Amino acid sequence: MSPRSLIQYVLLSGLILSVLILLIGMAMKLLSQDLSAPAVGLYDLARADIGFTDRLMAFGVLVLAFTPVTRVLLLVILWGIQRDWIFMGVALFVLATLASSIFFSF
């Protein structure tokens with residue numbers, strides 16, 4: 001499998017997984033006839049007072065949000081294997097920027 005097709009596979013898999021999780025959560029929400037849509041933050045995923053369907057849909061959004069992060073991490077690894085230090089450095093900088101934005105958002 002070429003690096004390009006591996007990256008396409010990771011992006012497509014993340015998209016499909018997140019859509020499936022969101023569709024299951026939405027179907028469960030519609031079947032329960034509870035149409036409220038509370039805001040669910042990252043810390044709220046571990047709280048007990050959040051409903052399962054809301055937690056499931058928030059997890060689907062989280063999977064979708066971390067799919068590009070997974071791509072950048074994979075690019076760091078692939079460019080490291082290829083010894084392409086310049087692109088690896090750029091990808092590490094992007095990864096550090098993403099990590100710092102997540103860290104400082106709390």
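Principal-axis analysis of the Cα atoms of the chain puts helix 85-104 at an angle of about 30° to the longest axis. Rg over Rh for the chain works out to 1.10, using Cα positions for both radii and the Kirkwood form for Rh.
May I ask you to derive the FRET efficiency for F93 and L30 from their Cβ-Cβ distance with R0 = 35 Å, giving the value to the nearest 0.05?
Numbers: r = 43 Å, r/R0 = 1.23.
The value I calculate is 0.20.
The helix-only estimate of mean residue ellipticity at 222 nm for the chain, built from DSSP H runs of length n ≥ 4 each weighted as -39500 (n - 2.57), is -27000 deg cm²/dmol after division by the residue total.
The angle between the Cα long axis of helix 3-32 and the longest principal axis of the Cα atoms of the chain comes to about 10 degrees, rounded to the nearest 10. With neighbours defined as other Cβ atoms within 10 Å of a residue's Cβ, the residues Y9, Y43 order from fewest to most as Y43, Y9. Sequence-distant contacts, meaning Cα pairs under 8 Å at least 6 residues apart, place the relative contact order of the stretch 24-106 at 22 percent. With a cut-off of 20 Å on the backbone N, the residues of the stretch 83-101 near the modelled label site 7 Å out from A46 along Cα-Cβ are 99-101.
Only the coordinates and a few stated rules stand behind these numbers; no lab work does. What you see is a predicted model, and the numbers here were worked out from it, not measured in a lab. With ideal geometry, Cβ positions are generated from the backbone for all residues, glycine too; neighbour counts draw on all protein chains shown.
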